[in-house]
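Only one structure is covered here, and it is reproduced in the block below.
The values are calculated or read from the model by the stated rules, or taken from the named source; none is laboratory data. Model, not experiment: these values are computed from the prediction. Quick reminder, even Gly has a Cβ in these numbers, built from the backbone with ideal geometry, and neighbours come from all protein chains shown. Accessible surface areas use protein heavy atoms only, side chains included; no ligands, DNA or RNA. Shrake-Rupley method; radii C 1.70, N 1.55, O 1.52, S 1.80 Å.
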Amino acid sequence: MNVPLTWIKDYVDIEDLGLEELAKVMTMVGLEVDEIHLVGMPKPAGEKHEFKYTGLSWPKDKFIVAQVDEVMPHPNADRLVLCRLNDGDEEIIVLTGAPNLYDYRGKGPLEKPLKVAYAREGAVLYDGHEPGRKLTTLKRMKIRGVDSFSMICSEKELGISDEHEGVILLDDDAPTGTPLVDYMGDAVLSVDTLPNMVRDACMLGVAREISAATGKPLSYPDDQIQMTGKSLAGRIDLKIQDPELNPRFVLGMIEGIAIQPSPYWIRRRLNLAGMRPINCVVDATNYVMLELGQPLHAFDYDSLVARAGGETPTIITRTAKQGETLVTLDDIERTLDPEMELVTDTAGPLSIAGVMGGEESEVGGSSENILLEGASWNFINVRKTVSKLKLNSEAGYRFSRGIHPAMSEKGVRLCLKRMQEWGGGVIAEGLVDKYPNPQVDPVVALSASWVNDSLGTALKPGEIAEILSRLEFECDIDGDVITTKTPSHRVDIHDGIIGRADLLEEVSRIYGYDRIPARRLNQPLPPQKVDQLMLMEDKLRELLVDLGLQELVAYRMTAPEREARRFPPDDMATEVAYLEIQNPITVERRVMRRSILATLLEIIEYNCSLSNRLVLFEIGPVFHPITGKQLPEEKMMLSIGLTGLREMPSWQGDQPTTMDFYDMKGVIEGMMSGLHIDEVQYRAATHPSFHPGKSAEVLIGDDIVGVMGELHPLVKANYEMAEPPVYAAEFELEPLLKAGRILFDVEAVPTYPPVLEDLAVVVDEDITADRVEEVIKKGGGETLAKVQLFDIYRGKQLGESKKSLAFNLTYIAPDRTLTDKEVLKVRNKIIRLLNEELDAELRS
Amino acid sequence: MAEKEQAIEKLEQIKSTALAALVEVSREEDLEAWRVAHLGRSSAVMGVFSSMGKMDKDLRPLMGKAANEVRQALESALEEKQGVLAEQALKKALATEQLDVTLPGRPVTRGRLHPLTQVLGRITRIFGDMGFQVYRSPEVETDDYNFTYLNMPPYHPARDMWDTFYTKTDGVLLRTHTSPGQIHVMREHAPEPIRAILPGATMRYEQLSARSEIEFAQVEVLVVGEKVTFAEMKGTLEDFAKRLFGEDARLRLRASHFPFTEPSAEMDVGCFVCGGTGCPVCKETGWLEILGCGMVHPVVLEYGGYDPEVYSGFAAGMGIDRSTLMRYRIDDIRHFRNNDIRFLKQF
C-alpha cells in the first residue's frame, strides 16, 4: 500500500518524527516500508539511510506556489500562451503550451487568478515530453522568439503522476509565494501489508499503529453529518438472504450532487496513494476506503428506480443463480456460479459482492442521486470468488481478508460527508441498516504473569493495559489480570488461549522486540537420540568427497520423457506412474523424478563439454507413487558418475588415460571399505541402461543394493556426451547405510615381520580373478594375511584362452616369526588347491 | 737405533706423501682411490704393519704404536676431507638445483560438497553445539501438514503467502516450507521437550529467474517445552546468527506474521556486502532478511499433541539458497541446481 505522509498527519501528529525514523517505527511494528518515494520533500540529511529513496525533491528556492494573473496569446504560435505570473516576489512572463490554459487566453486580467506550481530557472524536474521519468534542468532558451527560463508545472514534471495533459491548477486558497514543498510536498511510503493486518490497509490503520508505537494520540476524522433531506425510509427496500455471507448491509443517500472533479488536493492524494481520480462521487468512495479501510459502492439511484419499473427499488443480497452473468465495471462479462454472493435488485445482478460493481448501475456524469452501499461480507466467500474469477480489486483485497461489520456504517457516514463537501447536494434523512449477523467482539482475559512468562519480560499490568489501550482495546485491570474487549475494527482477535496469543503479539510488537531481553535456553536438554542412518549418511557424503567426488544438489521436478532417455530407444516405452504436478511451471518439470540416474546423466550431459574429467555424486530422494497410498514413497538414492580423464593433464607431459570400469569399481570399493561393509559382491548383470558386458550388480550379503557399469552405447547416444565412455552407479541408500558400521573391530598391528612373496598362476580365461583369490585364501588359511592381484598377462606361450594372474601374498603369524619351512608348507597347499579346484598351473 | 729412526722417518714420509696426495683430491668420487692407495691393504702404512714380524722384538711395540698413529692421522684426514668435499658438493648442488617455483603443481583432484551442503553443515554444527538434533521430513506432503495443522485452514488468506505446487493426487502437494516437519517432530515426541532442526528441500510456484527458484533449501528450527519464552528465542537465534555471520554482526527482530507462530518476527542481519551503508543486495536498507521466527501458535501445539496451556515453544525457518547467494554475491540463484562444474568447483 502507498501511504502519503501528509495523509497520515491528518490522524496523528508526527511533526517531530523524521521521515527515516517514522519508516523505522512502522517497519518494526510490522508495517514494513519497502521504499520511500519523495514527492517534493527533501531526502533526510546524513549519509546512512535504512530505506531506499526514490522520487524528486523540490528545493524551496526553485519551486514556488505562484498565481497567473493573465493569459495572453503567443505572437507566433497558436499552441502556446504567455502567462503573466506572480511568484510572490516579482512578475514574470512565462511561456506554456498547457491546453487547460487556452480557455483563459485573451480574457484580460483574470478576476480570480489561477494558482499554479511554478519552477524557476535551474530547477531539476522530470521531462514532461520524455516517456518514463527522466530528469532535466530548466535552462534559459528562446522558444519561437520568446525568452523562456522557467515553467508552470504539470503533475508529471513534479513526479506526482504521469499526467501531462495540462498544468496543475491548485485550489484557490493556495498561498502565492510559498515554497511548493511547504504547501504540498509529500513522501509516499510503500508498505508491505501483512495478511493478518488488513485493518492497516488504510491510512487510519497505519496512523493507529504509529500512535500505538509512539504514544502520540490518534484523532479520528469527523463524521458528523447533516441529514437534512427527505427520509430514505420507504424509498429503498433491502433483503439479505444469507446473513452468514452478508452480516450487514447499510445504505445512505445523497441527492442533487454535482458530478464534478474533486478538489485538487484530494486528487493529488488519490494519485499518490495509487488510485486514479475520476469524479467527486467515485473519489469519495475510494478516498474513504483508503481512509477507513471500508470499501464502498455508489449506485445511480435513478437507474435503480428505472430497473424497478418506476417502483421502489429493492436491493437483494443473494448467491448467483446458475448461468447468471454480469458485466463488471472493467467492461468484462462475468459468468457467475451459485457460490458467488451478489448484490442484486429485482431486475438482476448489480454487483459481485465485495469485489466489483456492475456497469449498468454505475454512477455517470448525469447522475444526481446517489445511493451508497457499505456492507460486510464473508471473507472466505469473497476469497473464493476472487480466485475463481481471477478478479483482483481493492475491495476484493480487503473483503477477502476480513472487514469488521461496524465499519459499514462508519464508512457510509464519512463517505456521504465527503461527497457533500466535494459535490454538494442534500443527505437523505436516516440510513437503511440491516445487521442480521452481529459480530461478537471477543473479551479476553490475560494475566501479566502469563505475558511475562511467555515473553521473558517484567511488565506490570498497567503497562500491558496501556499498550493495548493505544490499540483501542478496552482494558480492565483486576490485580494481575487484564480483561480486554476487542475494538470494533478488528476481526483477527480470537477467544480463549488463541486470543491470548493474539494479544501477546500485540503487546510484544508495540512494546518493541528490541526491548525484550535475549536469553539462552533455560529448559533442560531434551532426551538425546541418535539417528544412526543420518549419521551414516553424513559419513558417506564425507567419504565420497574424500574419494575425490563432487557433490550435486539437483531438481526434483522433471518430465517422464526426460527420464526415459536413460533407457535405449526400444526400452523406453515402459509405462510408469509418476507423481504429477497439477500446476507445473513448465512441461519440462511436470512430475517428481523417479530416477536419480536420469538426473545424473543430464548433469553429465550438461558438463561434459565444460570439463574433460567429471567425478560426481548425488544423494537425494526419488518419488514413487504407491497404489492405495496418498503419499508417494520418498526413497533416498545415491548416484555416482565418472567420465573422462583419470587425472587432470599437467605440463610435465604424462599422458593421462581415460577412466574405465575399474575406476568406478575402485570408488565403490573405497566407499564400501570406508563404511566398513565387508560382505560385498560384484556380479555381472544386465541392466537396460548399461553395457551388457561391462556392468555389475553390487550385493551386500545376498541383497542387491546397487548397479554399476558403463553406459550402454544406445543410452549414451540419447545424450549429447563427449567421446570417453561414461560410468554410472546407482544405489538405494538405506541398505547401504544400514550395512555400514560406526563401530568395527580393529586388528592388532603385527609385532612379527611378515613374509612377502609373489605367486603367478595360469588359468583358463573364463575363471574370474575373485574365484582364484578365493581359492588362494582358502589354501592360505589364517597365516595368509593379504592377497593382492598385481598383474594380468595373456600371451602366446601361455596357450589359447589362458591367462596368468600374479598375486602378492603376505604371510604373517601373530605370535612368532614364520620360518621358511612353514611358509613353504602353506604355499604348497595353495598351489595344490589351485590345481585341484581350478586346474591352475604355476607359471614358470 | 738407526733402524728405529729410519723406520720412523719412513713412516713420516708415508704420512706426508699421503697427506700431500689428499690435498690434491678435489672430487668426492676420487676419495676412494686415495683410501685404497694410502689406507688399503697394499698401502705403504699397511706394509709397515705386515713387515712388523721381521722387526726387532723390542722395536715392535714402539713401531706398532707409531704406525697406528700414522694410520689414524690419515683416517681422520680422510674423514675431514670427506666432510669438506661433501659440503662443497652440497653447496654446488644447492647452487645449481634451481626449480622454477612458478610452474604449476601437479594437479591433485579433490572432492567437494555442494555449496548448499557446506552452508547447511555449518548451520547444523552450530545448532548441534546448542543441543539441537537433526530430523528429516517428507518433501511431498498433505495439504493438512503443509497448511491446516499449521493454522491455515482451507481458504485461509495466509495461504497466499506461499505459491504452491499442487499434485494431481487429491490433497497432496509439494511442501512450500519445512514447517510441516514441526508437526511430525511434535507428534513423535509429545509430551517430551524438543530441540530440533529440520533441513530440507522445499518447492514454490515461482517464475524461474536469476532471483527466484522453484526449489530451494530451508532449515526449520523448533523448540518446545514448558515456559519457553520469546526472550529465549531471541537469545538462541542471536547466538546462532553471531556464530554464522560473526561476533560483530548487527541483528534486529521486527514484527511480522506467520500463521503458525504468534508473536511472529523477522530477523535481519546488517548487510555483509556493504556493511550497512546501503547497496543493491540489501536494496539500500543496510539490512538483509535472514529468517522468520515466532512463538509456536497454540493451534499448532495442539495439532502437534502438546497442551498449549502447559507448553510453549518457538520456531524459525530460514532459506539457505538466498543467504548463500548473498554471502558469495552469486549473480544467479539457478546456479545451485544447474550444477555447472565451473560454478561448483569454486567452493
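Structure data summary
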{"read-out": "Lone qualifier among A:ASP703, A:ASP654 - being touching a helix residue (DSSP H, G or I) at 6+ places or on another chain (Cβ under 7 Å) and open to solvent by 80 Å² or more (accessible area, probe 1.4 Å)", "value": "A:ASP703"}
{"read-out": "Count of residues meeting criterion [in contact with a strand residue (DSSP E or B) (Cβ under 9 Å, 6 or more places away or on another chain) and either farther than 21 Å from A:ASN100 by Cβ or basic (Lys, Arg) (or both)] in segment A:140-174", "value": "7"}
{"read-out": "Count - residues of segment B:238-290 that are open to solvent by less than 30 Å² (accessible area, probe 1.4 Å), not in a loop (DSSP other than H, G, I, E, B) and not hydrophobic (A, V, I, L, M, F, W, C)", "value": "10"}
{"read-out": "Qualifying positions in segment B:221-267 - within 30 Å of A:ARG556 (Cα to Cα) and either more than 25 Å from the chain's Cα centre (by Cα) or facing chain A (nearest Cβ under 7 Å) (or both)", "value": "B:VAL221, B:LEU222, B:VAL223, B:HIS257, B:PHE258, B:PRO259, B:PHE260, B:THR261, B:GLU266, B:MET267"}
{"read-out": "Members of segment A:299-310 found to be surrounded by fewer than 22 Cβ atoms within 10 Å (Cβ to Cβ) and among the hydrophobic types (A, V, I, L, M, F, W, C), listed by number", "value": "A:VAL305, A:ALA306, A:ALA308"}
{"read-out": "Verdict on A:GLN528 being closer than 30 Å to B:HIS335 by Cβ and free of Cβ contacts under 8 Å to residues at least 24 places away in the same chain", "value": "no"}
{"read-out": "The listed residue being assigned by TED's automatic domain parsing to the domain that holds A:GLY365, within 30 Å of the chain's Cα centre (by Cα) and at positive phi, out of A:GLY310, A:GLY274, A:GLY323", "value": "A:GLY274"}
{"read-out": "Search result, residues across segment A:140-181 that are among the charged types (D, E, K, R) and at pLDDT 90 or above", "value": "A:GLU155, A:LYS156, A:GLU157, A:ASP171, A:ASP172, A:ASP173"}
{"read-out": "Of all residues making up segment A:646-672, the number that are small (Gly, Ala, Ser) and at pLDDT below 95", "value": "2"}
{"read-out": "So A:LEU455, is it under 22 Å from B:PHE230 (Cα atoms), away from chain B (no Cβ under 13 Å) and surrounded by 15 or more Cβ atoms within 10 Å (Cβ to Cβ)", "value": "no"}
{"read-out": "Those residues of segment A:148-199 which are in contact with a Gly (Cβ under 7 Å, 6 or more places away or on another chain), within 14 Å of chain B (Cβ to nearest Cβ) and assigned to a loop (DSSP other than H, G, I, E, B), in sequence order", "value": "A:LEU194, A:MET197"}
{"read-out": "Any hit, segment A:50-71, residues being in contact with a helix residue (DSSP H, G or I) (Cβ under 9 Å, 6 or more places away or on another chain), part of a loop (DSSP other than H, G, I, E, B) and under 30 Å from B:ARG250 (Cα atoms)", "value": "yes"}
{"read-out": "Selection count, segment A:87-132, where residues are part of a strand (DSSP E or B), open to solvent by less than 50 Å² (accessible area, probe 1.4 Å) and within 22 Å of A:GLY145 (Cα to Cα)", "value": "6"}
{"read-out": "Search result, residues across segment A:259-282 that are within 20 Å of A:TYR220 (Cα to Cα) and of a type in the set (D, E, K, R)", "value": "A:ARG269"}
{"read-out": "Segment A:208-258, residues that are assigned to a loop (DSSP other than H, G, I, E, B) and small (Gly, Ala, Ser)", "value": "A:GLY215, A:SER219, A:GLY229, A:ALA233, A:GLY234, A:GLY256, A:ALA258"}
{"read-out": "Members of segment B:104-129 found to be open to solvent by less than 40 Å² (accessible area, probe 1.4 Å), touching a residue at least 60 places away in the same chain (Cβ under 8 Å) and facing chain A (nearest Cβ under 8 Å), listed by number", "value": "B:HIS114, B:LEU116"}
{"read-out": "Condition met for A:TYR555 (assigned to a loop (DSSP other than H, G, I, E, B), under 28 Å from the mean Cα position of the chain (by Cα) and more than 9 Å from every other protein chain (Cβ to nearest Cβ))", "value": "no"}
{"read-out": "Lone qualifier among A:ARG541, A:ARG520, A:ARG566 - being surrounded by 21 or more Cβ atoms within 10 Å (Cβ to Cβ) and not assigned by TED's automatic domain parsing to the domain that holds A:ARG401", "value": "A:ARG566"}
{"read-out": "Hits in segment A:504-534 - residues which are closer than 18 Å to A:PRO461 by Cα, of a type in the set (D, E, K, R) and within 7 Å of chain B (Cβ to nearest Cβ)", "value": "A:GLU505, A:ARG509"}
{"read-out": "Residue satisfying all of: in segment B:162-201; at the interface with chain A (Cβ under 7 Å from one of its Cβ atoms), more than 30 Å from A:ALA577 (Cα to Cα) and touching a residue at least 12 places away in the same chain (Cβ under 8 Å); most open to solvent (accessible area, probe 1.4 Å) among these", "value": "B:PRO193"}
{"read-out": "Selection count, segment A:421-480, where residues are in a helix (DSSP H, G or I) and small (Gly, Ala, Ser)", "value": "7"}
{"read-out": "Enumeration of residues in segment A:502-552 that are assigned to a helix (DSSP H, G or I), polar (S, T, N, Q) and touching a Phe, Trp or Tyr at 6+ places or on another chain (Cβ under 8 Å)", "value": "A:SER508"}
{"read-out": "Residues of segment A:17-55 that turn out to be more than 14 Å from chain B (Cβ to nearest Cβ) and open to solvent by less than 10 Å² (accessible area, probe 1.4 Å), as a count", "value": "3"}
{"read-out": "Selected residue [within 23 Å of B:GLY200 (Cα to Cα), in contact (Cβ under 8 Å) with a residue 40 or more places away in the chain and small (Gly, Ala, Ser)] from A:SER639, A:SER609", "value": "A:SER639"}
{"read-out": "Hits in segment A:679-731 - residues which are without any contact (Cβ under 8 Å) to a residue 12 or more places away in the chain, closer than 22 Å to A:LEU549 by Cα and among the acidic types (Asp, Glu)", "value": "A:GLU723"}
{"read-out": "Residue tally, condition more than 11 Å from chain B (Cβ to nearest Cβ) and either polar (S, T, N, Q) or touching a residue at least 12 places away in the same chain (Cβ under 8 Å) (or both), over segment A:623-636", "value": "2"}
{"read-out": "Residue match in segment A:590-602 (condition: open to solvent by 10 Å² or more (accessible area, probe 1.4 Å) and under 18 Å from A:ALA717 (Cβ atoms))", "value": "yes"}
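For every residue, the table says whether it meets (1) under 17 Å from A:ILE236 (Cα atoms); (2) touching a Pro at 6+ places or on another chain (Cβ under 6 Å); (3) open to solvent by 70 Å² or more (accessible area, probe 1.4 Å).
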{"site": "A:THR317", "(1), (2), (3)": "yes, no, no"}
{"site": "A:THR325", "(1), (2), (3)": "no, no, no"}
{"site": "A:GLU333", "(1), (2), (3)": "no, no, yes"}
{"site": "A:ALA353", "(1), (2), (3)": "no, no, no"}
{"site": "A:GLY357", "(1), (2), (3)": "no, no, no"}
{"site": "A:SER361", "(1), (2), (3)": "yes, no, no"}
{"site": "A:SER366", "(1), (2), (3)": "no, no, yes"}
{"site": "A:ASN369", "(1), (2), (3)": "yes, no, no"}
